[in-house]
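Below is one structure; the comments refer to it alone.
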Amino acid sequence: MEQNEHLELGIINTLRIDRFTPHGIFLESLDGKDVLLPQAYVTEIMQEDELLDVFLYTDSEDRLVATTLKPKAMLDGFALFEVVDVAPFGAFVNWGLPKDLFVPKMFQKEPFKVGDRRFLKVVYDDRTHRLVGTEKLGDFFERRVKGLSQHKEADILIIAKTPLGFKCIVEDKYEGLIYHNEIFEKIEIGDKRRAFIKNIRKDGCIDLSLQASSAKRKDASAEKVLLLLNENGGSMPYNYKSDAELIKDIFGLSKKEFKRSLTTLVESSSIEVRENGIYLKS
């Protein structure tokens, strides 16, 4: 661990334990600035001059303070937060620290209600010099996509459901979308997944798919059918005529993918398709 040169708001700092007081421990950066770690977080194993990892934020009186707790998201991070209080000027969400994260009204897309779960980014507010949450993410996405191309796999985070599909954050910096008609499994806001790049639009938004391109998807779908057959004793009551919604629920595949998989497995002599279902061949 290397000691921080400066105290940095909103991230994990590595600081030296400088001195003990009745109120807690004062931690110091290399430039000599210090911050209090309140007594509630002090343990018996902490020793003077040791380095300690802490998160820095501001308390209810806007003083910089340290904690050994980690919030749901740090500066420039994203997370799904629960609304715990509302006021005329904004709302407060639980982010895992004693002081709730404030979301100014101007940073809300729609009025918040207690109990709501909202996807937010933690940002630095230049006006108040505090960390706040914002629901308006459009300004934070990078529009010039680098290092990604069609068919490449990427990390995504599901952030919102729209009439077209599910909006995602791609590789922590780009905006993406998975269309409803291409989703054959249960996904929820806050899910972290791997997805495949279908298309990169001129505006920088990325069209995504949870399934690989045709050849890879064909193999993966057939493997999924085989796996489920093995898990169910070698037979299942589904075939080419089975209902599309049932196939989607059971196998997580579209009817077209399921039929293609059955044909692939029949041609490889892996399964037999009968009127009452599909069977593994011994």
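The values are calculated or read from the model by the stated rules, or taken from the named source; none is laboratory data. In this text the structure is predicted, and so the values were computed from the model without any measurement. Every residue, glycine among them, receives a Cβ derived from its backbone with ideal geometry; neighbour counts consider all protein chains shown.
Filter the stretch 44-92 down to residues that are farther than 27 Å from Phe141 by Cα and of a type outside the set (Ser, Thr, Tyr), then give me how many there are. Let's see the steps before the verdict.
Keep residues of the stretch 44-92 that are farther than 27 Å from Phe141 by Cα, which gives 44-54, 59-69, 84-88.
Filter once more, so that each one left must be of a type outside the set (Ser, Thr, Tyr): 44-54, 59, 61-66, 69, 84-88.
Residues in the stretch 44-92 being farther than 27 Å from Phe141 by Cα and of a type outside the set (Ser, Thr, Tyr): 24 in total.
One residue stands out in the stretch 219-239 among those that are in a helix (DSSP H, G or I) and polar (S, T, N, Q): the one that is farthest from Lys256 (Cα to Cα), namely Asn230.
Restricting attention to the stretch 63-82, the residues that are under 20 Å from Leu15 (Cβ atoms) and in a loop (DSSP other than H, G, I, E, B) total 7. Of all the listed residues (Phe92, Phe119, Phe112, Phe102), the sole one being out of contact with any Ser or Thr (no Cβ under 6 Å at 6 or more places or on another chain), part of a loop (DSSP other than H, G, I, E, B) and surrounded by 13 or more Cβ atoms within 10 Å (Cβ to Cβ) is Phe112. Of all residues in the stretch 252-282, those that are at pLDDT 85 or above, more than 25 Å from Gln211 (Cα to Cα) and among the charged types (D, E, K, R) total 3.
If you go through the stretch 16-56 and keep only what is assigned to a strand (DSSP E or B) and among the basic types (Lys, Arg), you end up with Arg16, Arg19. Residues in the stretch 166-180 that are at negative phi and not hydroxyl-bearing (Ser, Thr, Tyr): Phe166, Lys167, Cys168, Ile169, Val170, Lys173, Glu175, Gly176, Leu177, Ile178, His180. Within the stretch 243-282, can you find the residues that are surrounded by fewer than 14 Cβ atoms within 10 Å (Cβ to Cβ) and of a type in the set (Lys, Arg)? Selection gives Lys256, Arg274, Lys281. Going through (1) surrounded by 18 or more Cβ atoms within 10 Å (Cβ to Cβ); (2) in the same structural domain as Asp85 (by TED's automatic domain parsing) one by one, Val145 falls short only on (2). Candidates are the residues of the stretch 165-192 that are out of contact with any strand residue (DSSP E or B) (no Cβ under 6 Å at 6 or more places or on another chain) and either loosely packed, with under 14 Cβ neighbours inside 10 Å or more than 12 Å from Leu210 (Cα to Cα) (or both); the one that is modelled with the highest pLDDT is Glu175.
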